[in-house]
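Some notes on the structure that comes next.
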Amino acid sequence: MARVSQAHLDARRRQILEAAERCFARNGFHATSMQDVLKEADLSAGAVYRYFSGKEELIHAIVGEVIGTLSEVYGAAAAETPPPLPDELVPRALRSMMRARPGLMDGGEWLFPRLLIHVWTELLRNEELAAQVREGYERVCAAWGDVVRGYKDAGFMPQDADADALARVMIALAQGLVTQIAALGATPQDMEKALTDGVRALMSMRDPHS
């Protein structure tokens, strides 16, 4: 029997994950069955269950990849001297996510924002998933902390600036704009411009009385 290459195995795993993302983004986790995923992937049950035991494992794999993408973006930024400022860095994270998860809904809109909302909803009932997201959130905050240390070293921020507070605000900003894409029909391009212009405007504020 011919050996199956690692490239083939990786491509099949990606095919399954992308099919699951489309199903979850379209109908949510609870309304999606494994049969829906099989049909979307156009694969047999045996082919899919070789990689994933069920919906829970699919969800955890997708969330793990998303966290990994964000950690890589901010980790790479922290390695730059100096790190890019937030008006460049936060839109860069959005672009990186669009490259990593380019899937589209049936109507052509980017599916990731809808998927993200379903993940947040699932956290309210799935403690195991919530624990995974909390751990991932702390990883991303830690990467942002490294970025802030780079800002301090470059003289962009005072040494007593709260790195954790900035990290949480920047993450919340990106999450909120992604939610607008899903809920309000904004395009990723509009949101990227809003991120750049809005963060730049905040960075330009000065107290005229100081």
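All of the numbers you see were taken from the coordinates with simple rules; none came from a lab. It should be emphasised that the depicted structure is a prediction, and the values quoted were computed from it without experimental measurement. Cβ placement follows ideal geometry from the backbone for every residue including glycine, while neighbour counts extend to all protein chains displayed.
Tabulated results
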| read-out | value |
| --- | --- |
| Ratio Rg/Rh [Cα only; Rh per Kirkwood] for segment 51-210 | 1.00 |
| Dipole axis of the chain (+1 Lys, Arg; -1 Asp, Glu on Cβ), positive-most option in Met105, Ser44, Ala7 | Ser44 |
| Under 12 Å, Cβ to Cβ, from Leu177 - net charge with Lys/Arg +1 and Asp/Glu -1 | -2 |
| Kirkwood-based shape ratio for segment 14-68, expressed as Rg/Rh from alpha carbons | 0.93 |
| Between segment 81-134 and segment 23-48, the alpha-carbon center distance in angstrom | 21 Å |
| Qualifying trypsin sites (Lys or Arg not before Pro) for segment 57-148 [loop in DSSP, other Cβ within 10 Å: at most 14] | Arg125 |
| Long-range amide H partners of Phe29 with built H, under 5 Å | none |
| Segment 195-202 - phi-based ³J(HN,Hα) in whole Hz, Karplus 6.51/-1.76/1.60, Gly and Pro as x | 4, 4, 5, x, 5, 4, 5, 4 |
| Taking the chain and dividing mean pair separation by its residue count, relative contact order in percent (alpha carbons under 8 Å, at least six apart) | 24 percent |
| Segment 95-152: translational diffusion in µm²/s, Stokes-Einstein, Kirkwood Rh over Cα pairs, 20 °C, 1.002 mPa s | 158 µm²/s |
| Reachable aspartates and glutamates from Lys39, criterion Cα separation under 14 angstrom, eight or more residues apart if same chain | Glu18, Glu21 |
| In Hz, Karplus ³J(HN,Hα) per residue of segment 114-126 (6.51, -1.76, 1.60; θ = phi - 60°; x = Gly, Pro) | 5, 4, 4, 5, 5, 5, 4, 5, 5, 4, 5, 10, 10 |
| Integer Hz, Karplus 6.51/-1.76/1.60 couplings in order for segment 141-152, x for Gly and Pro | 4, 5, 5, 5, x, 5, 4, 4, 4, x, 4, 5 |
| Modelled FRET efficiency - R0 41 Å, Leu184 with Asp42, Cβ distances, 0.05 increments | 0.80 |
| Over segment 32-137, relative contact order from alpha-carbon pairs under 8 Å, at least 6 apart, % | 23 percent |
